[in-house]
């Protein structure tokens, strides 16, 4: 009976597979900040706690104003969500009609496809090429039924990026009635000069939605807060769909303070660059294939069962991410941690590969 009761769209959705956890283990599975949350955010959260009996600002006005100042945009360009995941959901609810197509890169963040199914859209999956999103093939996949395109830059889980030139060339081929959603969850870790600045594109084009988050760089994954950047017209309609009090008071206070925690952010960025290079050197010694990353994780080809690698590493007290749920059963993703965490990972991996 319940089988008839549930929408077919929901039946088409696969369960989300989160990164693993285990008490006492070093967690390098979910790309979290290895230094914890921003200290300034913790202080602001503590100060905000006595007012938990009061509903939060439904429009997150103070945070939107601070982001607008930092990004040199208008607050009308910004919407705050319960994680950037919710912004994807709001966009799908606002713009996607049943039967319309959504172009999605293969082996990527599963919620792109989840929200497509949820609103009765049809996912069109385009294979990667050399672990990169294949923009030429994505452009060729556009049809009169195409409504949205998801790009992930830097790409999760491979850490590869779409260059400025490639993105601009691709966008020139996208019709104005197709919404391009660019997920930039890891943008703060990028150090390539060829990485595109999407904020001017938001001003130039009305069919661009950029997603960013406080989960990774700012260390606030547990608070669930992210934001979308788009033309005021798109944002206006998404606000109509947004639940009125979707972002809690503590999340807003923490995010606002984290934006200004320069010492913490500099420490996070510097550690990521230094430890990324350390891991490159050690992985080269082990002869493993990996992708040079523009993010805070490294994608590795292990040539054997990723699920088995996960179990063996777990026994050593290290949690990594097997990419089986991404459709990559012989690859793993490892978050870049502190030097001590990374040394422990390399030691355990070395023993495992002997």
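When each of 292, 270 is tested for being modelled with pLDDT of 95 or more, not assigned by TED's automatic domain parsing to the domain that holds residue 57 and not in a helix (DSSP H, G or I), the lone residue that passes is 292. In summary, residue 40 fulfils each of the numbered conditions (1) in a loop (DSSP other than H, G, I, E, B); (2) surrounded by 18 or more Cβ atoms within 10 Å (Cβ to Cβ); (3) touching a helix residue (DSSP H, G or I) at 6+ places or on another chain (Cβ under 7 Å) with the single exception of condition (1). Of all the listed residues (244, 144), the sole one being part of a loop (DSSP other than H, G, I, E, B), assigned by TED's automatic domain parsing to the domain that holds residue 80, at pLDDT below 95 and over 29 Å from residue 336 (Cβ atoms) is 244. Screening residue 203 with (1) within 21 Å of residue 73 (Cβ to Cβ); (2) at pLDDT 95 or above gives one miss only, at (2). Taking the stretch 293-321 as the region of interest, how many residues are surrounded by 24 or more Cβ atoms within 10 Å (Cβ to Cβ) and within 20 Å of residue 24 (Cβ to Cβ)? Going through the stretch 293-321 one residue at a time, the tally reaches 4. Take the conditions (1) crowded, with 21+ Cβ neighbours inside 10 Å; (2) under 16 Å from residue 223 (Cα atoms); (3) not assigned by TED's automatic domain parsing to the domain that holds residue 175; residue 63 misses just one of them, which is (3).
Residues in the stretch 185-206 that are touching a residue at least 12 places away in the same chain (Cβ under 8 Å), surrounded by fewer than 21 Cβ atoms within 10 Å (Cβ to Cβ) and either assigned to a loop (DSSP other than H, G, I, E, B) or not assigned by TED's automatic domain parsing to the domain that holds residue 85 (or both): 190, 191, 192, 194, 195, 197, 205, 206. Being under 19 Å from residue 109 (Cα atoms), in contact (Cβ under 8 Å) with a residue 24 or more places away in the chain, in contact with a strand residue (DSSP E or B) (Cβ under 9 Å, 6 or more places away or on another chain) and surrounded by 15 or more Cβ atoms within 10 Å (Cβ to Cβ) is a property that residue 141 lacks. Here residue 290 passes the criteria (1) surrounded by 15 or more Cβ atoms within 10 Å (Cβ to Cβ); (2) closer than 22 Å to residue 193 by Cα; (3) in contact (Cβ under 8 Å) with a residue 40 or more places away in the chain; (4) touching a helix residue (DSSP H, G or I) at 6+ places or on another chain (Cβ under 8 Å) except the one numbered (3). So which residues in the stretch 76-118 are touching a strand residue (DSSP E or B) at 6+ places or on another chain (Cβ under 9 Å), in contact (Cβ under 8 Å) with a residue 60 or more places away in the chain and in a loop (DSSP other than H, G, I, E, B)? Once the filter is applied, which keeps residues that are touching a strand residue (DSSP E or B) at 6+ places or on another chain (Cβ under 9 Å), in contact (Cβ under 8 Å) with a residue 60 or more places away in the chain and in a loop (DSSP other than H, G, I, E, B), the stretch 76-118 yields 82, 83, 106, 107, 108, 109. Taking the criterion of being without any contact (Cβ under 8 Å) to a residue 40 or more places away in the chain, buried (at least 16 other Cβ atoms within 10 Å of the Cβ) and part of a helix (DSSP H, G or I), the only residue of the stretch 325-354 that qualifies is 348.
I'd like to know if the stretch 298-306 contains one or more residues that are in the same structural domain as residue 333 (by TED's automatic domain parsing), in contact with a strand residue (DSSP E or B) (Cβ under 9 Å, 6 or more places away or on another chain), farther than 18 Å from residue 338 by Cα and assigned to a helix (DSSP H, G or I). Within the stretch 298-306, one or more residues are in the same structural domain as residue 333 (by TED's automatic domain parsing), in contact with a strand residue (DSSP E or B) (Cβ under 9 Å, 6 or more places away or on another chain), farther than 18 Å from residue 338 by Cα and assigned to a helix (DSSP H, G or I).
Please verify whether residue 114 is surrounded by fewer than 23 Cβ atoms within 10 Å (Cβ to Cβ), out of contact with any helix residue (DSSP H, G or I) (no Cβ under 8 Å at 6 or more places or on another chain) and within 24 Å of residue 329 (Cα to Cα), treating the condition exactly as stated. Yes. Set side by side, the residues 254, 287 differ, and just one is farther than 19 Å from residue 109 by Cα, out of contact with any strand residue (DSSP E or B) (no Cβ under 9 Å at 6 or more places or on another chain) and assigned by TED's automatic domain parsing to the domain that holds residue 55, which is 254. Exactly one residue out of 23, 18, 34 is part of a loop (DSSP other than H, G, I, E, B), in contact with a strand residue (DSSP E or B) (Cβ under 9 Å, 6 or more places away or on another chain) and either assigned by TED's automatic domain parsing to the domain that holds residue 268 or under 30 Å from residue 346 (Cα atoms) (or both): that is 34.
For the criterion of being part of a loop (DSSP other than H, G, I, E, B), at pLDDT 95 or above and not assigned by TED's automatic domain parsing to the domain that holds residue 329, residue 55 passes.
The values are calculated or read from the model by the stated rules, or taken from the named source; none is laboratory data. Predicted model, so just to flag it, every value in this text is computed and none were measured. As a convention, Cβ positions derive from the backbone with ideal geometry for all residues, glycine included, and neighbour counts pool all protein chains shown.
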